[in-house]
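Here's the structure we're looking at; comments come further down.
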Amino acid sequence: MSERFDLSGRVALVTGAGNGIGKRLAKGLAEAGAEVVVADIDGAAALEVAAPIGGMARVVNVTDPASVEALFAAIDAQYGRIDVVVNNAGGGGGNAPTLELKLADWQAGIDLTLTSTFLCAQQAGRRMVTQGGGKIINVASVYGMVGHESALYDLRPDGEPPESLTYLVTKAGVINLTRGLAVYWAKHNIQVNAIAPGMVKTERLGQQISEAAWDRLAARTPMGRPANPDELVGATIFLASDASSFITGQTLVIDGGWTSV
Ligand SMILES: NC(=O)c1ccc[n+]([C@@H]2O[C@H](COP(=O)([O-])OP(=O)(O)OC[C@H]3O[C@@H](n4cnc5c(N)ncnc54)[C@H](O)[C@@H]3O)[C@@H](O)[C@H]2O)c1
């Protein structure tokens, strides 16, 4: 591997790393040489990912400030530094028709996607300022850039098409949170970027969405298929490494062409 992409000696945190995309990113960063902290609300899942890569497993609820503080205190105690933070845990907000969207679901989505990213970035930023730099990578979505094509998805049990207004809004928020932090913290040598995946066939979504809907999503994607979560690893290593040393505030779209149509 080119030295520019080598993460040896770096300490990297991935939130929501017990499953899906986060699990693949944690493994990928470890393969690139990083010491990886695998943090998830599901402790057993975190342990299962951390053990084979020699990482540290931690239980965290990223929506809870005290829990996020405790996570970073544990990283301080174990490694004494944090070089890379991947804010991957996110989602929520339900799929109710917007006319029926409950305030509690709206707020839960904001907490899980936006508040969590702010809380982890703030803890990371304080440490990175002191140590002279770092990399923050936020996981956004193409649904932070374009509207949601409800008709491609399975109908809800009540026969209505699913709507995800909270998700659209919070992922858009992640994209401009990324720009905002990038500008504020540029002088501290902290680069803040995001990845915006398109349709990714994770274990959870693979089961949750019917094959017929996957076929429609694949047909809507210029490359004719959803991503395998492993296909997000290269961009994440790039943004975590010295190879992206002059890139900040950007959102790297990994969508097989979804947003280019
Ligand atoms: N799968 C996709 O198609 C897709 C597309 C674009 C963006 N994304 C984004 O990628 C990220 C990961 O999605 P995924 O599909 O891999 O999800 P997933 O459900 O497969 O995994 C999410 C992980 O986060 C953990 N988690 C949930 N709530 C948490 C909390 N409060 N604190 C800590 N951990 C928590 C879960 O236990 C789980 O291990 C999300 O931000 C999602 O919005 C996913």
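Read-outs throughout are calculated quantities, based only on the coordinates presented, and are distinct from any laboratory measurement. Predicted model only: the values in this text are computed from it and were never measured. Cβ placement follows ideal geometry from the backbone for every residue including glycine, while neighbour counts extend to all protein chains displayed.
Only residues in the stretch 161-178 that are closer than 12 Å to GLY147 by Cα count as the first member; pair them with residues that are of a type in the set (S, T, N, Q), Cβ under 7 angstrom, at least 6 apart or cross-chain, and list the lot.
What qualifies is GLU163/ASN95; GLU163/THR98; GLU163/SER150; SER164/ASN95; LEU165/THR98; LYS171/THR113; LYS171/SER141.
Does any residue in the stretch 212-227 that is touching a residue at least 24 places away in the same chain (Cβ under 8 Å) and on the phi < 0 side of the Ramachandran plot come within less than 8 Å, Cβ to Cβ, of a residue that is more than 13 Å from the ligand (Cβ to nearest atom) and among the hydrophobic types (A, V, I, L, M, F, W, C) six or more places away or on a different chain, and which pairs are these?
Here the result reads ARG220/VAL261; PRO222/VAL261, each pair linking the stretch 212-227 to a residue that is more than 13 Å from the ligand (Cβ to nearest atom) and among the hydrophobic types (A, V, I, L, M, F, W, C).
Of everything in the stretch 87-104, what is away from the ligand (no atom under 13 Å from the Cβ) and either closer than 18 Å to LEU239 by Cβ or assigned to a helix (DSSP H, G or I) (or both)? Give them in sequence order.
Matches in the stretch 87-104: THR98, LEU99, GLU100, LEU103, ALA104.
Evaluate the stretch 233-251: report whether one residue or more is without any contact (Cβ under 8 Å) to a residue 60 or more places away in the chain, in contact with a helix residue (DSSP H, G or I) (Cβ under 6 Å, 6 or more places away or on another chain) and not in a helix (DSSP H, G or I).
No: zero hits.
Tell me which helices (runs of 4 or more DSSP H) are completely within the stretch 105-219 and hold 1 or more residues being within 16 Å of the ligand (Cβ to nearest atom) and more than 30 Å from ALA73 (Cβ to Cβ), or say none if there are none. Break it down stepwise before answering.
Details: elements: 116-131, 165-185, 203-208.
Filter on the stretch 105-219 gives 165-185, 203-208.
From (1) of a type outside the set (D, E, K, R); (2) away from the ligand (no atom under 16 Å from the Cβ); (3) at positive phi, pick out the condition that doesn't hold for GLY16.
(2)
Working carefully through the options GLY256, GLY224, GLY206, GLY198, find the one that is more than 20 Å from the chain's Cα centre (by Cα) and within 30 Å of PRO161 (Cα to Cα).
Exactly one of GLY256, GLY224, GLY206, GLY198 is more than 20 Å from the chain's Cα centre (by Cα) and within 30 Å of PRO161 (Cα to Cα), namely GLY224.
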